[in-house]
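The values are calculated or read from the model by the stated rules, or taken from the named source; none is laboratory data. Bear in mind that the values here come from a model prediction, so they are computed numbers and not experimental data. Calculation scope for accessible area: heavy atoms of the full protein, side chains included, ligands and nucleic acids excluded. Shrake-Rupley method; radii C 1.70, N 1.55, O 1.52, S 1.80 Å.
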Amino acid sequence: MSEGDSAGESIHGKTSVVAAFFTRVGQVYQSWLDKSTPFYAMRWAGTLLLTLVYMIRVYLLQGWYIVTYALGIYHLNLFIAFLSPKVDPSLLEEDEGPSLPTKQNEEFRPFIRRLPEFKFWHSATKGIVIAMICTFFDAFNVPVFWPILVMYFIMLFCITMKRQIKHMVKYRYLPFTHGKRTYKDIPQRLQHYQRLITSDRVLRLTVDW
């Protein structure tokens, strides 16, 4: 066996080990994500705590305002996607495709978001982590007059939310699932129906006899 072949096998073996390591890390990470899915309150509490830590760090460092501005724009886009339906009603023609209920007596249809809650949380948390990492590098600390960025963000937020509210009013939908009837007394109703059926059978037997 030549030296070139042995070197190639060594590099291939190292590549396989590295790929297996990252595959295992990805599997563990996905497993933890799957386990955290039902605990939405704890997930968002952790994200808010992480946001608070980031804001305190930016305040103490007195810098990285461009990174913070970009993070705010990114979160705003995620929030708009979270409030928007998966299928834009303006793109649907009449009587074609699924539509949102517009009357109280219409069939119940759950609100399907363009960005589900879990993906919203996951993307928002990753954005905060990336922004936190950026604060450790001076290359991202671009000098800027931060009040202008705050003013730009407030204006953009107001314009974007105004447009979203107009869209909701025009197509008459709310970004929340509501109005679904729940039947908590099903066992009691079943027992009631069983009594009626039993009484009817007894009555029939009595009449036949």
Excluding ligands and nucleic acids, what accessible area in Å² is computed for Val17 using a 1.4 Å probe, to the nearest 10?
100 Å²
Given a 1.4 Å probe and the protein chains all in place, what does the accessible area of Leu91 round to, in Å² to the nearest 10?
140 Å²
How much accessible area does Arg114 have with a 1.4 Å probe, in Å² rounded to the nearest 10?
130 Å²
Listed here are the pairs Lys86/Lys162; Lys35/Lys119; Lys126/Lys162; Lys119/Lys162; Lys35/Lys126; Lys86/Lys170; which of them are more than 21 Å apart at the Cα?
Lys126/Lys162; Lys119/Lys162
